[in-house]
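All remarks here apply to the structure that follows.
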Amino acid sequence: METKTYRVKMTDGSEVELANVVKARADGSGRHFEMADGDVISFNDGQTLWAIPTSATMTQPAPVTTESAAETDPDQP
(Lines give C-alpha, C1' and ligand atoms only; values in the text may rest on other atoms or scores of the structure.)
Protein backbone atom coordinates (compact mmCIF):
# COMPACT_ATOMS: atom_id res chain seq x y z
CA MET A 1 0.00 0.00 0.00
CA GLU A 2 1.31 3.42 -0.89
CA THR A 3 0.99 6.19 1.67
CA LYS A 4 1.77 9.85 1.17
CA THR A 5 2.53 12.84 3.33
CA TYR A 6 0.64 16.02 2.44
CA ARG A 7 1.37 19.62 3.33
CA VAL A 8 -1.85 21.63 3.64
CA LYS A 9 -1.90 25.44 3.64
CA MET A 10 -4.77 26.86 5.69
CA THR A 11 -6.50 30.16 4.92
CA ASP A 12 -5.24 31.60 8.22
CA GLY A 13 -1.64 31.18 6.97
CA SER A 14 -0.76 28.12 9.05
CA GLU A 15 0.36 24.81 7.55
CA VAL A 16 -0.58 21.29 8.56
CA GLU A 17 1.33 18.10 7.68
CA LEU A 18 -0.66 14.88 7.32
CA ALA A 19 1.27 11.60 7.18
CA ASN A 20 0.05 8.12 6.17
CA VAL A 21 -2.56 9.35 3.68
CA VAL A 22 -3.80 6.62 1.32
CA LYS A 23 -6.35 8.73 -0.59
CA ALA A 24 -6.92 12.45 -0.97
CA ARG A 25 -9.84 14.11 -2.70
CA ALA A 26 -11.54 17.47 -2.98
CA ASP A 27 -15.19 18.12 -3.68
CA GLY A 28 -17.72 20.91 -3.19
CA SER A 29 -17.70 20.43 0.58
CA GLY A 30 -13.91 20.57 1.10
CA ARG A 31 -10.75 18.44 1.12
CA HIS A 32 -10.79 14.91 2.51
CA PHE A 33 -7.82 12.73 3.44
CA GLU A 34 -8.26 9.00 4.07
CA MET A 35 -5.60 7.74 6.47
CA ALA A 36 -3.94 4.29 6.52
CA ASP A 37 -5.76 3.44 9.77
CA GLY A 38 -9.17 4.08 8.15
CA ASP A 39 -9.83 7.51 9.67
CA VAL A 40 -10.85 10.40 7.40
CA ILE A 41 -9.68 13.95 8.08
CA SER A 42 -11.79 16.61 6.39
CA PHE A 43 -11.42 20.34 6.03
CA ASN A 44 -14.50 22.39 5.12
CA ASP A 45 -14.58 24.27 1.84
CA GLY A 46 -12.82 27.60 2.36
CA GLN A 47 -10.50 26.39 5.17
CA THR A 48 -7.61 25.45 2.90
CA LEU A 49 -5.74 27.17 0.09
CA TRP A 50 -3.91 24.11 -1.26
CA ALA A 51 -2.68 20.62 -0.43
CA ILE A 52 0.40 19.05 -2.01
CA PRO A 53 2.01 15.63 -1.53
CA THR A 54 5.53 16.01 -0.16
CA SER A 55 6.59 12.35 -0.05
CA ALA A 56 5.39 8.84 -0.77
CA THR A 57 6.19 5.54 0.90
CA MET A 58 5.44 2.06 -0.35
CA THR A 59 4.71 -0.52 2.32
CA GLN A 60 4.63 -4.24 1.63
CA PRO A 61 4.03 -7.20 3.90
CA ALA A 62 7.12 -9.09 5.06
CA PRO A 63 7.99 -12.05 2.84
CA VAL A 64 6.98 -15.48 4.12
CA THR A 65 9.75 -18.08 4.10
CA THR A 66 9.25 -21.80 4.39
CA GLU A 67 12.90 -22.81 4.87
CA SER A 68 13.86 -24.48 8.12
CA ALA A 69 16.45 -22.87 10.40
CA ALA A 70 18.97 -25.59 9.55
CA GLU A 71 18.80 -24.68 5.87
CA THR A 72 19.42 -20.98 6.50
CA ASP A 73 22.00 -21.24 9.32
CA PRO A 74 25.48 -20.71 7.82
CA ASP A 75 27.17 -22.41 10.83
CA GLN A 76 25.64 -25.78 10.00
CA PRO A 77 28.05 -28.30 8.37
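The values are calculated or read from the model by the stated rules, or taken from the named source; none is laboratory data. Here the structure is a predicted model, which is why all the values come from computation and not from measurement. Positions of Cβ are generated from backbone atoms using ideal geometry, with glycine treated the same way; all protein chains shown enter the neighbour counts. The accessibility values were calculated without ligands, DNA or RNA, using every heavy atom of the protein model including side chains. Shrake-Rupley method; radii C 1.70, N 1.55, O 1.52, S 1.80 Å.
Scanning the range 23-35 for residues that are open to solvent by 50 Å² or more (accessible area, probe 1.4 Å) and under 23 Å from Met58 (Cβ atoms) gives Lys23, Arg25, Glu34.
Please indicate, with yes or no, whether at least one residue in the range 10-30 is without any contact (Cβ under 8 Å) to a residue 12 or more places away in the chain, not small (Gly, Ala, Ser) and not in a strand (DSSP E or B). Yes.
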